[in-house]
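Comments concern the structure below.
The values are calculated or read from the model by the stated rules, or taken from the named source; none is laboratory data. Everything quoted here is computed from the prediction, not taken from an experiment. Cβ sites come from the backbone with ideal geometry, for glycine too, and all protein chains shown count toward neighbours. Remember, those area values only see protein heavy atoms, side chains included, never the ligands or the DNA or RNA. Shrake-Rupley method; radii C 1.70, N 1.55, O 1.52, S 1.80 Å.
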Amino acid sequence: MAAGAALYYHPAAGKASLEAVAPPSPSLALRPSRSKVLCVSSGSRWWMRRRWEGKASSVSSGARARASARPALFSPVAMDWQECTTELEVDVPCSVAYQCYSERETIPQWMPFISSVKVLEDKPDLSRWTLKYEVLGRDVEFSWLARNMTPTKNQKIHWRSLEGLPNRGAVRFFPKSSSSCRVQLTVAYEVPEILAPVASALKPFLESLLLKGLESFATFAKERNSKIPQA
């Protein structure tokens with residue numbers, strides 16, 4: 001076969017033809033043809049490959065490197081989660097403490113940073129929460145929709161958020177005597193971006209607020225218990 005020539009096989013015609021070909025240019029980005037198969041000879045060996053044709057695409061190696069190094073436009077930012085736990089002994093039976101904590105719409109009366117809780121009328125396991133407070137010198141306001149998971153009567157109440165501020169938590173009740181119990185509150189939350197710069201101080205700050213809330217809850221529950229007729 002003469003130099004600068006190539007043998008093309010035409011599947012549709014069922015025959016081969018000898019055609020002149022130009023030397024390939026290294027700067028061309030070419031598209032494969034669907035119509036011809038190119039047989040290229042080199043010494044005594046043959047290779048079968050598709051014929052390449054198309055327009056030149058002058059993309060420099062530097063541009064390709066810059067494109068591959070460019071970060072994704074919508075790469076997600078992973079935020080840290082923190083978990084806070086506090087507990088307090090309350091001078092009421094487990095059943096009374098459990099009942100008081102189950103009344104979600106009364107929680108703003110004793111939890112300092114919760115401004116409102118509204119239980120959905122058509123879905124009583126769902127509730128909308130609003131938080132308003134000054135946190136480490138920053139006025140913040142967040143809201144979320146929470147679902148109460150299946151509770152264990154007089155032992156455990158737990159929830160998780162479905163939208164809004166990501167959080168989850170549980171309240172556990174441990175009997176100490178017939179007239180007292182230990183209440184343990186655990187809350188886990190995704191650190192909001194606005195509070196990320198003070199994340200290291202956020203956990204002890206919130207734990208102190210949770211303890212203050214439980215202290216107010218103890219007073220609330222004792223008042224409620226005092227109104228219950230004693231057998």
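Right, residue 140: of a type in the set (Val, Ile, Thr), in a strand (DSSP E or B) and either under 21 Å from residue 106 (Cβ atoms) or modelled with pLDDT of 95 or more (or both) or not? If you could, list the steps in order and put the result at the bottom.
On the way: of a type in the set (Val, Ile, Thr): yes; in a strand (DSSP E or B): yes; either under 21 Å from residue 106 (Cβ atoms) or modelled with pLDDT of 95 or more (or both): no.
Taking the combined requirement at face value, the residue does not satisfy it.
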Could you tell me whether any residue of segment 167-180 is touching a helix residue (DSSP H, G or I) at 6+ places or on another chain (Cβ under 7 Å), open to solvent by 50 Å² or more (accessible area, probe 1.4 Å) and of a type outside the set (Phe, Trp, Tyr)?
yes
Can you report the number of residues in segment 137-166 which are under 22 Å from residue 195 (Cα atoms) and surrounded by fewer than 14 Cβ atoms within 10 Å (Cβ to Cβ)?
6
Looking at segment 120-129 only, could you name the residues that are open to solvent by 30 Å² or more (accessible area, probe 1.4 Å) and within 19 Å of residue 101 (Cβ to Cβ)?
120, 124, 125, 128, 129
